[in-house]
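Written out below as structure tokens is the structure these notes cover.
The values are calculated or read from the model by the stated rules, or taken from the named source; none is laboratory data. Small disclaimer: the values here were computed from a predicted structure and weren't measured. In this analysis, Cβ positions are derived from the backbone assuming ideal geometry, glycine residues included, and neighbour counts consider all displayed protein chains. What goes into the accessible areas is simple: the full protein's heavy atoms, side chains included, and nothing from ligands, DNA or RNA. Shrake-Rupley method; radii C 1.70, N 1.55, O 1.52, S 1.80 Å.
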Amino acid sequence: MNRMLMLLNLLEIIIPKRTSAPLSYQTRFIVISPKWRARDDNQASTMKIMVAIKRVVDYAVKIRVKPDKMGVETNNVKMSMNPFCEIALEEALRIKESGLASEVVAVSMGPSQCVDTLRTGLAMGADRGIHVEATSVLYSLTVAKILKSLVEVEKPGLLFLGKQAIDDDCNQTGQMVAGLLSWPQATFASKVVLDKEKQVATVDREVDGGLETLSLDLPAVITTDLRLNQPRYATLPNIMKAKSKVIKKYTPQELNVDIKSDLEVIQVTEPPKRKAGVIVSSVDELIDKLKNEAHVI
């Protein structure tokens, strides 16, 4: 009975105000972790945050498909940290700077060049890095399994990821790792607030109907959206300091993860080129083209 009353007290519905503007709804949900965990008083001050970062083709680079149409060209192409991962790392650093966490650990997976991406994260302010070296393509489920193994080793209180990577736009890894860990999750976060005493994270996320607010019992998984923050630039002194920070290396085999995939790439093609625009002389001609050529009306 006491637990039922507690849950009822947590429920809250915010009724939209009547205004001349279109109605928008804000709904508040309370998400309770499936496991009740005992916490000690010092957990907040010693909480570790893990951030997954991915090395991708730089957003400003014009993508070229390989001649065999089995992927995109990455040789002699500028690579950088996935923009959504930058946002995730920035949020973790801000939480640490506010005194709610003691350490930020950046994690990347892939070929040896991923170390350069990790150094960028260390220059932004991460305390140390972890590189899981793999030469084959890593799909979302494999990455989620590797992250689960690393979480079991590092035992962070919070796991941040970008909501998606700009190379494949899968938007899957955060949800998969939360499921594997049986942790509560909040995706597309536009605001994150941690409560040091209650050990919960309150996350605002944008949905089609307005804002949705989730309250997560830690530890939890959060994926970040564009509006969460503006990532910082690495300063020259921090770039120099990053060279001496520790990057620990693992292999998937050491983490007991078998790299395999149920996915097979059949073909990669460029999108069709857009046709040149046409200048019309009248509204009637425009309507005729929209109706008979574009078939949109």
Quiz prompt | Test for LEU214: is it on the phi < 0 side of the Ramachandran plot, part of a strand (DSSP E or B) and aliphatic (A, V, I, L, M) | solution = yes
Practice problem: Check off (1) open to solvent by 70 Å² or more (accessible area, probe 1.4 Å); (2) more than 18 Å from the chain's Cα centre (by Cα); (3) at pLDDT 90 or above for LYS191 and give me the number that stays unchecked. | Solution: (2)
Practice problem: Evaluate the following for SER33: is it at pLDDT 85 or above and either hydrophobic (A, V, I, L, M, F, W, C) or assigned to a loop (DSSP other than H, G, I, E, B) (or both)? | Solution: no
Self-check item: Hits in segment 126-168 - residues which are of a type in the set (Val, Ile, Thr) and touching a Ser or Thr at 6+ places or on another chain (Cβ under 8 Å)
Solution: ILE130, VAL132, VAL137, THR142, VAL143
Quiz item: Only one of LYS291, LYS260, LYS273 is within 27 Å of GLU73 (Cβ to Cβ), among the basic types (Lys, Arg) and without any contact (Cβ under 8 Å) to a residue 60 or more places away in the chain; which?
Solution: LYS273
Quiz item: Quick check, is PHE160 modelled with pLDDT of 95 or more and buried (at least 19 other Cβ atoms within 10 Å of the Cβ)?
Solution: yes
Self-check item: Hits in segment 240-252 - residues which are surrounded by 11 or more Cβ atoms within 10 Å (Cβ to Cβ), in a loop (DSSP other than H, G, I, E, B) and in contact with a Lys or Arg (Cβ under 9 Å, 6 or more places away or on another chain)
Solution: LYS245, PRO252
Quiz item: What are the pairs, 6+ residues apart or on separate chains, where a residue within segment 143-156 that is in contact (Cβ under 8 Å) with a residue 12 or more places away in the chain and outside any helix (DSSP H, G or I) has its Cβ under 8 Å from a residue that is of a type outside the set (Ser, Thr, Tyr) and open to solvent by 30 Å² or more (accessible area, probe 1.4 Å)?
Solution: LYS155/LYS48; PRO156/LYS48
Quiz item: Residue check: is LEU100 touching a helix residue (DSSP H, G or I) at 6+ places or on another chain (Cβ under 8 Å), surrounded by 19 or more Cβ atoms within 10 Å (Cβ to Cβ) and in contact (Cβ under 8 Å) with a residue 60 or more places away in the chain?
Solution: no
Practice problem: Could you tell me which numbered condition ARG232 fails, if it satisfies all but one of (1) charged (D, E, K, R); (2) in contact (Cβ under 8 Å) with a residue 60 or more places away in the chain; (3) farther than 20 Å from ALA88 by Cα? | Solution: (3)
Quiz prompt | Unique match (being closer than 22 Å to ASN171 by Cα and open to solvent by less than 10 Å² (accessible area, probe 1.4 Å)) among ALA134, ALA123 | solution = ALA134
Exercise. Report, by residue number, each residue of segment 259-297 that is within 24 Å of the chain's Cα centre (by Cα), open to solvent by less than 100 Å² (accessible area, probe 1.4 Å) and of a type outside the set (A, V, I, L, M, F, W, C).
Key: SER261
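Looking at LEU255, LEU226, can you tell me which residue is open to solvent by 40 Å² or more (accessible area, probe 1.4 Å) and at negative phi?
On the way: LEU255 fails: open to solvent by 40 Å² or more (accessible area, probe 1.4 Å).
Within the list LEU255, LEU226, the selection yields LEU226.
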Quiz item: Is there any pair linking a residue in segment 54-67 that is open to solvent by less than 80 Å² (accessible area, probe 1.4 Å) to one that is among the hydroxyl-bearing types (Ser, Thr, Tyr) and in a loop (DSSP other than H, G, I, E, B), with Cβ under 7 Å and at least six apart or on different chains, and which?
Solution: VAL57/THR74; VAL65/THR269
Quiz item: Among the residues of segment 165-177, how many are on the phi < 0 side of the Ramachandran plot and either open to solvent by less than 50 Å² (accessible area, probe 1.4 Å) or in a strand (DSSP E or B) (or both)?
Solution: 4
Quiz item: Looking at (1) loosely packed, with under 10 Cβ neighbours inside 10 Å; (2) in contact with a strand residue (DSSP E or B) (Cβ under 9 Å, 6 or more places away or on another chain), which is the one condition that is false for PRO237?
Solution: (2)
